[in-house]
There are 2 protein chains.
Amino acid sequence: PAMEDNVAGWPSVYESPAYYWQGEETLKVPRSMHLENRDKVIQGIRAKGFTSGIALLAGGETKYRNDTDHEELFRQESNFHYLFGVKDADCFGVLNVSTGKSALFVPRLPADYAIWMGKIASLADFKSKYEVDEVLYVDDIPSFVQGTKPDLIFVYSGQNSDSKAMGVPAKFEGIEQYKLEEQALHEALFEARVTKSVKELEVLKYTNRLSSEAHIAVMQQVRAGMMEYQMEALFNHYCYYVGGMRKQSYTAICGCGPNGAVLHYGHGGAPNNRRLRAGAMVLNDMGAEYYCYASDITCSFPVGGRFTEEQRGIYEAVLDASLAVMRAMRPGVAWGAMHELAERVLVERLLGLGYLSGTVDELVAAEIPALFMPHGLGHLMGIDTHDVGGYPAGAVRATRPGLRSLRMQRDLLEGMVVTVEPGCYFVPALLEPAFDHPVQGPLLCAARLRPLLGFGGVRIEDDVAVTVGGIELLTTVPRTVAEIEAAMSGRDFP
Amino acid sequence: PAMEDNVAGWPSVYESPAYYWQGEETLKVPRSMHLENRDKVIQGIRAKGFTSGIALLAGGETKYRNDTDHEELFRQESNFHYLFGVKDADCFGVLNVSTGKSALFVPRLPADYAIWMGKIASLADFKSKYEVDEVLYVDDIPSFVQGTKPDLIFVYSGQNSDSKAMGVPAKFEGIEQYKLEEQALHEALFEARVTKSVKELEVLKYTNRLSSEAHIAVMQQVRAGMMEYQMEALFNHYCYYVGGMRKQSYTAICGCGPNGAVLHYGHGGAPNNRRLRAGAMVLNDMGAEYYCYASDITCSFPVGGRFTEEQRGIYEAVLDASLAVMRAMRPGVAWGAMHELAERVLVERLLGLGYLSGTVDELVAAEIPALFMPHGLGHLMGIDTHDVGGYPAGAVRATRPGLRSLRMQRDLLEGMVVTVEPGCYFVPALLEPAFDHPVQGPLLCAARLRPLLGFGGVRIEDDVAVTVGGIELLTTVPRTVAEIEAAMSGRDFP
Ligand SMILES: [Mn+2]
Ligand SMILES: [Mn+2]
């Protein structure tokens, strides 16, 4: 009702209540989530021994395509969304470490903005909407900072372990007069974002529920002869039309047959543009975002909805790896050990199916698992699909294939949300050299594996929350062969 | 058949034939289009008196979201697409002004790219696919240039009249040894892109046909109570699923009621998130792109599909302006004069409807038209929605409201594609001050206009090609009130 039409019938887009909502059956996210998030970051900075100073953050900037006036659809910078939940571009924010209060700085817009972009929200509108202690204009920052006389300004600078990129510290005219601290804010933000609050978990459950429904809708409409991108189109449509999710969390990977063995297929250079072939495996890695929170789900199934014996064997090898990991996950467990567990279960099953020879220990020692699963078992997920905090200070990246691709090297904590995504792929670029390798070659049954070089791959990717005693599965798609075959024959799931 | 599965059943994404095609019923675009485009630009540089030298161009770069590893879906830089049609990021290109030959430079990819991103195309693959004279690696540029010993290197630098942004010239290590020319390439590119070749027109007809069908699909599914963004979702889905169009040309504007008077509604800060109200006007400005070629179409209609007398009057005033312009358009006609024609027809009709008083001349002299249509009549359209070349050297921007917003100030040429998009909006930020204005106030019938401040607006936007004797209409949506009411009642259109 609060978002229903008001008396005049046409509320301004800025006159929305204390939650984010896309209407209809979509989720209402309380804005107070960000108040909690800000408190958590401020506590984090204090825990490093700082008792005063202010943290200054820059929101995402308006971006244009090259030198044209094509404005890209804005998506808030992730840390800024975490702290403020503001959907407008070109804002700044301040957290006061001593008082715990927050201020938001919004662009001073020209009067004709109202003609082109809509009613200009007043500072009071922003204040009531975003529940910050103060709202000022961006050009007020220098005088605001002067007024607070901070002994230290915390700015965002530090490395993202997935991208290796450094954070770009916020700036304002005259900032050079102040003493800057460039570590604490980055660390406090990443540590805060590593575990999710109850309110954040609600959002991630929603993104997973809707994206799961969309995956099922795709599976039920897949037919031989369709183009791969038509699966992406069906998925996007369900997420947006039903779920109010305008953006995907990442570029969809919809690979049929050998394309399923191209791990980042779907990008601009390989845009899901092949035809689906009857009976071939499909690997669909798709997830939509709601209110800047991600989902990241992969379903693998045969076109036509009936597994061959060979497909079933390989699929169930991956599923067993997934189930073994999920059964073992709980707070305190090292994520690297879970990756190794998945590897062992996978090669044990492939051994049982006759694709490999030797023992599990021999196979692991010869680095056979990474030939079939070259990527890491999973990663933290939240506002970023590959969420921050996977490598805390001191964590060292492994050098072994597979393990070195892991985006998280730390023990599980209650409140983490991670993906569990074991896979088994038949990648010619990996297997062909291995057949001739002196140590690996004899462990591979080339006669069985060579015919699979066009098979593609299987990935089973779920998003799970770590709970006090184990995990909660957020993803709700058919996973057993029987469930998939039933859903694809048109039966409801669950 | 050329894009059908090959003998091995699974062609690499790079082994595609001499055209771009998304399969099924989508359009095949011959790669030779780019050969023509390159020749046109080389001729343009020569026409400026240069007989030698090379032009160096940089393609679009891979982009990430802030400091994360979230890779944005790549879309080629527009000039580079025009010349080369290459869908991969981080390439360079060279045009040799004396020989007329072209070279493409592609990134040298690490071997493990094949695991993550797909088969690495060889230089020969690129050469046969893109029909350039030579393909080398990006790191070969310095030695390649040294080999050609150019007396001049033409680089891309100059202002885009829509964005005001300057082009960023391509660079390579050692470029400072050469003499650079920073005007000719920019001018030649913009002049070339101003008129479209027969092959380009085919692509623009396709984008228009498919986007028109998608608009009709939306109109036939609109119901009171839906959210505005559900219209966007339906549109996107049709364009991608049926038309193979993964990207929209611009962020969709789907405004119901007063939102229709917010000219750039739909952006991240106002994301089409209001409910559709029975009987209210809807303004949908949406267009999808195929092979980086745009469409830009606006349909306006009432929720429920039946116009009231008032809606019909305002709608037909805009339609009359559109028809008057289309009847007058032909090569040699000044675009500013077409804008003024639209303004005159619009106020003449509003006068007839009793919303204004005085004479057309008085209304124009008092700048009344721009109160109802603050934007320009239309713009060039091609690879960019607001395509380049609207203000050739010497063209001066007008100062009068409305006219000064025109993105093109030049005479029509055969082969131009322009939008014709008159509109009539009831913008409180414009009309409320005007009611009290000493000159404008007496010409406005405030008693009739005040109740319309929640009406929103009407825009009718078509894409047209200028032909030798007039125009060809590319857009194929219902335009008369009778056509719209018939289509929305479920009847086929056309
Ligand atoms: Mn993942
Ligand atoms: Mn337009």
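The values are calculated or read from the model by the stated rules, or taken from the named source; none is laboratory data. None of these values were measured; they are calculated from a predicted model. In this analysis, Cβ positions are derived from the backbone assuming ideal geometry, glycine residues included, and neighbour counts consider all displayed protein chains.
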Positions within the stretch A:358-398 being within 16 Å of ligand 1 (Cβ to nearest atom) and touching an Asp or Glu at 6+ places or on another chain (Cβ under 6 Å), in sequence order: A:Gly378, A:Leu380, A:Met381, A:Thr385, A:His386
Residue within the stretch A:260-267 that is over 18 Å from A:Ile460 (Cβ atoms), surrounded by fewer than 22 Cβ atoms within 10 Å (Cβ to Cβ) and in contact with a helix residue (DSSP H, G or I) (Cβ under 7 Å, 6 or more places away or on another chain) present: no
Inter-residue pairs, beta-carbon under 6 Å, first of a type in the set (Asp, Glu) and in the stretch A:275-289, second within 13 Å of ligand 1 (Cβ to nearest atom) and modelled with pLDDT of 95 or more, 6+ apart: A:Asp285/A:Ile253; A:Asp285/A:Thr298; A:Glu289/A:Ser249
B:Ser211 vs. criteria in contact with a Gly (Cβ under 9 Å, 6 or more places away or on another chain), of a type in the set (S, T, N, Q) and away from chain A (no Cβ under 14 Å): yes
Matching helices (runs of 4 or more DSSP H) fully within the stretch A:111-188 where at least 1 residues are under 31 Å from the mean Cα position of the chain (by Cα), within 29 Å of B:Thr68 (Cβ to Cβ) and of a type in the set (Ser, Thr, Tyr): A:123-130
First in the stretch B:368-388 and facing another protein chain (nearest Cβ under 9 Å), second anywhere and small (Gly, Ala, Ser) and away from ligand 1 (no atom under 16 Å from the Cβ), Cβ under 6 Å, 6 or more apart: B:His375/B:Ser405; B:Asp384/B:Ser78; B:Thr385/B:Ser249; B:Thr385/B:Ala294
Residue match in the stretch B:455-471 (condition: within 14 Å of chain A (Cβ to nearest Cβ), within 16 Å of ligand 2 (Cβ to nearest atom), surrounded by 14 or more Cβ atoms within 10 Å (Cβ to Cβ) and of a type outside the set (D, E, K, R)): yes
Count of the stretch A:127-162 residues which are touching a residue at least 40 places away in the same chain (Cβ under 8 Å) and within 14 Å of another protein chain (Cβ to nearest Cβ): 7
Which listed residue, of A:Arg277, A:Arg246, is at pLDDT below 95 and either within 16 Å of ligand 1 (Cβ to nearest atom) or within 14 Å of chain B (Cβ to nearest Cβ) (or both): A:Arg277
Looking only at the stretch B:390-423, and only at residues there that are away from every other protein chain (no Cβ under 14 Å) and of a type in the set (D, E, K, R), the one that is nearest to ligand 2 (Cβ to nearest atom): B:Glu421
Given (1) closer than 21 Å to B:His267 by Cα; (2) part of a helix (DSSP H, G or I), number of the condition A:Thr62 does not satisfy: (2)
Residues satisfying the stated conditions in the stretch B:357-389, i.e. near ligand 2 (Cβ under 10 Å from one of its atoms), out of contact with any helix residue (DSSP H, G or I) (no Cβ under 7 Å at 6 or more places or on another chain) and under 26 Å from A:Ala114 (Cβ atoms): B:Gly378, B:His379, B:Thr385, B:His386
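Can you find even one residue in the stretch A:324-332 that is surrounded by fewer than 17 Cβ atoms within 10 Å (Cβ to Cβ), within 16 Å of ligand 1 (Cβ to nearest atom), touching a residue at least 40 places away in the same chain (Cβ under 8 Å) and within 20 Å of A:Leu473 (Cβ to Cβ)? Outline the logic, then answer.
Taking the stretch A:324-332 as the starting set, the residues that turn out to be surrounded by fewer than 17 Cβ atoms within 10 Å (Cβ to Cβ) are A:326-328, A:330-332.
This time we only want the ones that are within 16 Å of ligand 1 (Cβ to nearest atom), so: A:326.
Narrowing further to those that are touching a residue at least 40 places away in the same chain (Cβ under 8 Å): A:326.
From what's left, within 20 Å of A:Leu473 (Cβ to Cβ): A:326.
Yes, that holds for at least one residue.
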Qualifying residue in the stretch B:227-236 (condition: hydroxyl-bearing (Ser, Thr, Tyr), assigned to a helix (DSSP H, G or I), modelled with pLDDT of 95 or more and more than 16 Å from the chain's Cα centre (by Cα)): yes
Residue list for the stretch A:403-431, restricted to those being in contact (Cβ under 8 Å) with a residue 40 or more places away in the chain, touching a Pro at 6+ places or on another chain (Cβ under 8 Å) and within 15 Å of ligand 1 (Cβ to nearest atom): A:Tyr425
Selected residue (criterion: nearest to ligand 1 (Cβ to nearest atom)) from residues of the stretch A:290-307 that are closer than 19 Å to A:Met416 by Cβ, within 14 Å of chain B (Cβ to nearest Cβ) and not hydroxyl-bearing (Ser, Thr, Tyr): A:Asp296
Subset tally (residues that are surrounded by fewer than 17 Cβ atoms within 10 Å (Cβ to Cβ), at pLDDT 95 or above and part of a loop (DSSP other than H, G, I, E, B)) for the stretch B:472-490: 2
Qualifying positions in the stretch B:163-179 - farther than 27 Å from B:Ala395 by Cα and either surrounded by fewer than 18 Cβ atoms within 10 Å (Cβ to Cβ) or without any contact (Cβ under 8 Å) to a residue 12 or more places away in the chain (or both): B:Lys171, B:Glu173, B:Gly174, B:Ile175, B:Glu176, B:Gln177, B:Lys179
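Restricting to the stretch A:100-122, give me the number of residues that are touching a residue at least 60 places away in the same chain (Cβ under 8 Å) and under 20 Å from A:Ala58 (Cα atoms).
3
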Of all residues in the stretch B:34-49 being touching a helix residue (DSSP H, G or I) at 6+ places or on another chain (Cβ under 6 Å) and buried (at least 20 other Cβ atoms within 10 Å of the Cβ), the one that is nearest to B:Ile153 (Cα to Cα): B:Ile45
Members of the stretch A:206-223 that are in contact (Cβ under 8 Å) with a residue 60 or more places away in the chain and either polar (S, T, N, Q) or in contact with a strand residue (DSSP E or B) (Cβ under 8 Å, 6 or more places away or on another chain) (or both): A:Tyr206, A:Thr207, A:Asn208, A:Leu210, A:Ser211, A:Ser212, A:Ala214, A:His215, A:Val218, A:Met219, A:Gln220, A:Val222
Tally, over the stretch B:52-71, of residues that are among the acidic types (Asp, Glu), surrounded by fewer than 20 Cβ atoms within 10 Å (Cβ to Cβ) and at the interface with chain A (Cβ under 8 Å from one of its Cβ atoms): 2
